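Nothing in this text is a laboratory measurement; each read-out follows from the coordinates by a stated rule. Since we're looking at a predicted model, the values are computed, not measured. Counting neighbours? That spans all protein chains shown, and the Cβs are built from the backbone with ideal geometry, glycine included.
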Amino acid sequence: MPTNHQSLITNHRSSVAVQVEGATKTYPSGLAALGMVDVQVREGEFVTLLGPSGCGKSTLLRMVGGLLQPSTGNVRLWPESSHATSHQHLAFVFQSPTLMPWASVERNVRLPLDLTHSGADTESKIRSALELVGLRGFRNAYPRELSGGMQMRVSIARALVTEPRLLLMDEPFGALDEITRNRLDREIRDLWARRSLTALFVTHSIYEAVFLSTRVLVMSARPGRIVGEIAVDEPHPRTDAFRVSERFARWCAQLSDLLADASGESNRDAA
Amino acid sequence: MSTRLLRYLAPGTVGVAFLFLWEGLVRAFEVPFYLVPSPVLVLRTLVHDAPLLLGSLVVTLKITVLALLLSVVLGVGIAFLFVQSRTLERSLFPYVVLLQVTPIVAIAPLIIIWVKDPLAALVICATIVAIFPIISNTSLGLRSVDPGLADLFHLYGAGRWQTLARLRVPSALPYFFAGLRVAGGLALIGAVVAEFVAGTGGTGSGLAYQILQAGLQLNIPRLFAALVLITLTGVAIFLLVSLAANLTLRRWHESELATEHQIR
């Protein structure tokens, strides 16, 4: 698989996009959401945080997005880059579509451009973002008029409209049916490949993690720590055939074992 | 029968039946008109006294509309201030409540003494009555922001004003309109009560003054006619506010959406 080797090599050479060092999160109530975590994501990677619910993977993602401050340690984006990172380089897709119900699809997608005052080519940016998610004909629809899957596409279009370099996704398709979820997974995967994005994705689905990622970080139950890491050494584009292949099953089994080990370990800790 | 037709036909039938019953009872028992006038007499008085009553209606309407506008401007402004600072809200909100629970009848005489211009005095009284639901509903609405959207605005570095204009204000609209619907009725009540307290006659007197005078002169049909005008005014204000709410919210808010089925 020459293409894949090549991509791995470039990954090693490419610069660091996300650097998390010794980050922990303890809430004022005393709840320890996140143990000591170190994560490095290189530009062009698709990294997935996989773990049981309540393991702090969303907490970690929100820290990377700057929505939460770590209790200790630090989070840096593009630490090697000299110029300050700006909001335009980062986008976040939440668990729910989080659209403004009072605004049309177009105005929802336009929002990040308005907020960051990126005035140039607004029209063409919105058009191409909507085209990417296949919602060109729905500019004037209101969120309420769309299905859950379409609302999520609007949310993705909104994230992509600023042409971010880093895309953070917090279980974006968790609430969708499996058919829609698989389709959107495929689309996200294509977008990532075409746009040379860096992606950090949170999920509790092993299948989703294997299908999407170049690298999966497995987290233990609360307080979350990273207990294992698997590089999913598979070429792109990954097709639906890959989903039913023996190799796919083997990756899933590996991750499943890691997860089982993680929960076993935390059980011993508790005892 | 379509539900739409039923919506108007059902209360309409009740109303007409009630009027017929009223007319019938008054005639059957030969109730004197200075106790209970018949609907027909009230209508005839309404037509006959139209010049006098409509002039008064304009006065009352003017007070009501000015008070409602003032309530909206001041109430929304105060709500904006409250949302910008919790400390400010904590310090001032008890006094807003104080103003709300103090009966207007008790403070109206003071205001009428303090404020020279009678129209201004009456508008202030009516505003005091109407402003509370605007303040409380709007500030609740401005705070009822989807936390996910708040995160999104934070993520893109939105400033205080951007957040207010693009996130807080639209989120507050349904709450604001619910408050406005209550405030509309209260402005009218406040105007009428203040007029009662002011009590003075002259050319610039409103419907409450006509009711007061008619009562003293035992001109009960005119009293009823004035009452009918006040009621119709209240209904008209309610309908106008509801229409405004519907036009603003119908594309996105649950309260104004047509549902396929009835929620039980």
Listing B:Trp161, B:Trp22, A:Trp78 from the residue with the fewest other Cβ atoms within 10 Å to the one with the most, what is the order?
B:Trp161, B:Trp22, A:Trp78
Would you mind checking which residues have amide H under 5 Å from A:Leu68's amide H? H placed 1.01 Å from N; only 5 or more apart, or other chain.
A:Met63
Any idea what angle helix B:118-143 forms with the longest principal axis of chain B, computed on alpha-carbon atoms, 0 to 90 degrees, nearest 10?
40 degrees
Relative contact order (percent, whole number), chain A, Cα cutoff 8 Å, 6+ residue spacing:
25 percent
With everything on Cα atoms, drop me the angle between helix B:207-216 and the longest principal axis of chain B, reported from 0 to 90° to the nearest 10.
30 degrees
Check: the stretch A:114-199 dipole with +1 on Lys, Arg Cβ and -1 on Asp, Glu Cβ, in debye:
200 debye
In the protein assembly as shown, what % of DSSP beta bridges are antiparallel (nearest 5)?
45 percent
Compute the Cα gyration tensor for the protein assembly as shown, then decide on rounded, prolate or oblate, letting a ≥ b ≥ c be the square roots of its eigenvalues: rounded whenever a/c is under 1.5, prolate when a/b is larger than b/c in the other cases, and oblate in all that remain.
prolate
Expected vector for the stretch B:227-235, Karplus 3J(HN,Hα) from phi with 6.51, -1.76, 1.60 and θ = phi - 60°, integer Hz, x for Gly and Pro, equals 4, 4, 5, 4, 4, 4, 4, x, 5
Just going by the charge dipole of the stretch B:119-202, with Lys and Arg at +1 and Asp and Glu at -1 on Cβ, which of B:Leu186, B:Leu164, B:Gly141 is farthest out on the positive end?
B:Leu164
Charge dipole (debye, nearest 20) of chain A; +1 at Cβ of Lys and Arg, -1 at Cβ of Asp and Glu:
460 debye
So what are the ³J(HN,Hα) numbers for the stretch A:71-76, from phi and the Karplus equation (6.51, -1.76, 1.60; θ = phi - 60°), rounded to whole Hz, Gly and Pro as x?
5, 9, x, 8, 10, 10
Listed with the fewest Cβ neighbours within 10 Å leading, B:Cys125, A:Cys252 appear as A:Cys252, B:Cys125
Can you show me the helix-derived [θ] at 222 nm for chain A, built from DSSP H runs with n ≥ 4 at -39,500 (n - 2.57) apiece and divided by the number of residues, rounded to the nearest 500.
-12500 deg cm²/dmol
Rounded, prolate or oblate: which fits chain B, taking a ≥ b ≥ c as square roots of the Cα gyration tensor eigenvalues, rounded meaning a/c under 1.5, else prolate when a/b beats b/c?
oblate
So the FRET efficiency between B:Glu254 and B:Arg90, C-beta based with R0 = 30 Å and rounded to 0.05, is 0.45
Quick one: grab the alpha carbon gyration tensor of the stretch A:112-157, order the square roots of its eigenvalues as a ≥ b ≥ c, and give me rounded if a/c is under 1.5, else prolate or oblate depending on whether a/b is larger than b/c.
prolate
Roughly how many debye, to the nearest 20, is the charge dipole of chain B about its Cα centre, given +1 on each Lys and Arg Cβ, -1 on each Asp and Glu Cβ, and no other charges?
400 debye
Going 7 Å from the Cα of B:Leu110 along its beta-carbon direction, which residues of the stretch B:71-100 have the amide nitrogen within less than 13 Å of the resulting point?
B:98-100
222 nm mean residue ellipticity, helices alone, for chain B (DSSP H n ≥ 4; -39,500 (n - 2.57); rounded to 500)
-26500 deg cm²/dmol
Whose amide H sits under 5 Å from the amide H of A:Val232, counting only residues 5 or more places off or on another chain, with H placed in the peptide plane?
A:Arg215, A:Val216
Taking the dipole of the stretch A:112-271 about the Cα centre (Lys, Arg +1; Asp, Glu -1; charges at Cβ), the one of A:Gly174, A:Thr214, A:Tyr142 that reaches farthest to the positive side is A:Tyr142
Rounded to the nearest 10 degrees, the helix B:3-28 long axis (Cα) sits at an angle to the longest Cα principal axis of chain B of 30 degrees
